[in-house]
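The values are calculated or read from the model by the stated rules, or taken from the named source; none is laboratory data. This one's a predicted model, so the numbers in the text were calculated from it and none came from an experiment. Note: ideal-geometry Cβ built from the backbone for every residue, glycine included; neighbour counts use all protein chains shown. Each accessible area value is taken on the protein alone, full model and side chains, heavy atoms only, with ligands, DNA and RNA left out. Shrake-Rupley method; radii C 1.70, N 1.55, O 1.52, S 1.80 Å.
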Amino acid sequence: MIMSSFRSAMEEEMGKAATIQTNTQTQARRKGIGVRVWLVVSESGESHLEEVGKHSIMRRTGLPARDLRVLDPMLSYPSTILGRDRAIVINLEHIKAIITATEVLMINSSNPLVVQFLQDLQNRISGSNGAQTEEKESNNMETEYAEAEPMLGSPSLHSHHRFLKHSSQRTSRSYNVSSDMSNTEMRDDSSKSTRDVPVAVAPKQLPFEFRALEASLESTCRCLESETQTLEEEAYPALDELTSKISTLNLERVRQIKSRLVAISGRVQKVRDEVEHLLDDDNDMAEMYLTEKLLARSLDQTSSLREVYSAVLEEDNKRVEESNSENNSEISISLKPNIEELEMLLEAYFAQIDGILQKLSDMKEYVDDTEDCINIMLDDKQNQLLQPKQFWETAFGTVGGCVATYLMAVGWGKKRYTLSS
């Protein structure tokens, strides 16, 4: 009895241990769901690989699961540009990325187009950062020159210089006065000339998210332009050759070219529709100002701390609430993004994509004209083949009719002769 109870207890413990191990393995598998290698590009232009799960990406970017589904390479989604509170989701051709105010996250891929896009993005970010540092250095130099300019024309330095000049040369007092006046006039003229010189204003740098978006649109347009140019180089000679010589091989080549043309036209049309949708909706464009929203969020946090501090010190809560509401309204009005900058950026690439689509439509018209020409040529050949056949059919029909008439006449004559006899 004791041994049987001991065995049953051991079996129960082993069963519990196996159940716990199975549960831990299941939890580990669940935790590993959606874990992928992401390529992260920071705002400084540096890139590194991170193995991040789906839920971590959602917490990091504030995106829902349905937006991450657009980036799944195993699923086919049309071209999409989504502006969210803390991120921009881009699905354009070979580019599947998440853009935030400080970094770009892409699914790691060995596609040469993705590698080229990564190089272009890093060069664009590093180049803009270099321009910003040069602008800061020039501003610092201008500030130092402005601070040092009044010291050069100060009376103490001028009097010291006059004293040294008087002691060395020992000239008359009238000559010193005239020289002082001339020096003062020269300083005034130099100061006026420096003030009259226009200062070159450096162009405003785009925010990080717009630089990444511009790199994505540029890479997409470059890819579509390259495919369109390759198709043009193959299509027009093949169509001309088919017009000159109709054969099965040429017809097959034109059929493949037409299928490729339809596919590329559909892809370009989807990208164009997506950019046009963004241009038509001001709210979607305003959602893509991630840097300004990040600054506004930090200002809201500081203003909320000040509100709490003032609420503790002041006794009148109504006045505190009114002042806070006015301050918040002023902050929200002042931090409202100006979509003109993004609109000009999208308009430029919309015109480029529309030009690519126009090339494809011209090619499609040329294919349709070639098809009409081929159909006319085939109808002509068919008519040429049918003309001899119709001639012989008519001839045989006429001869057959004559023979039948002759036989009928002979038979009728024989019948009449028999009846008369």
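Please go through the range 229-241 and pick out each residue that is within 16 Å of ASP372 (Cα to Cα) and either at pLDDT below 90 or surrounded by fewer than 15 Cβ atoms within 10 Å (Cβ to Cβ) (or both). ASP240, the sole residue that qualifies. Which of the residues that make up the range 41-50 are in a loop (DSSP other than H, G, I, E, B) and surrounded by fewer than 16 Cβ atoms within 10 Å (Cβ to Cβ)? Scanning the range 41-50 gives SER44, GLU46. Of all residue pairs spaced 6 or more apart or on separate chains, those with beta-carbon atoms under 8 Å, a first member in the range 235-260 that is within 13 Å of LEU378 (Cβ to Cβ) and touching a residue at least 40 places away in the same chain (Cβ under 8 Å) and a second member that is surrounded by 15 or more Cβ atoms within 10 Å (Cβ to Cβ) and β-branched (Val, Ile, Thr) are LEU242/VAL254; LEU242/THR370; LEU242/ILE374; THR243/THR370; THR243/ILE374; ILE246/ILE374. Counting only strands (runs of 3 or more DSSP E) that sit completely within the range 51-115, those holding 3 or more residues that are at pLDDT 90 or above and β-branched (Val, Ile, Thr) correspond to 88-92, 95-99. Selection of the range 268-292 for residues being among the basic types (Lys, Arg) and open to solvent by less than 70 Å² (accessible area, probe 1.4 Å) yields only ARG272. The selection criterion, being open to solvent by 40 Å² or more (accessible area, probe 1.4 Å) and either out of contact with any strand residue (DSSP E or B) (no Cβ under 9 Å at 6 or more places or on another chain) or within 29 Å of MET288 (Cα to Cα) (or both), holds for LEU251. Kindly evaluate VAL312 against the criterion of being surrounded by 17 or more Cβ atoms within 10 Å (Cβ to Cβ) and either at pLDDT 60 or above or over 16 Å from LEU82 (Cα atoms) (or both). No. Scanning the range 116-143 for residues that are modelled with pLDDT of 90 or more, touching a helix residue (DSSP H, G or I) at 6+ places or on another chain (Cβ under 7 Å) and either of a type in the set (A, V, I, L, M, F, W, C) or exposed (fewer than 11 other Cβ atoms within 10 Å of the Cβ) (or both) returns PHE117, LEU121.
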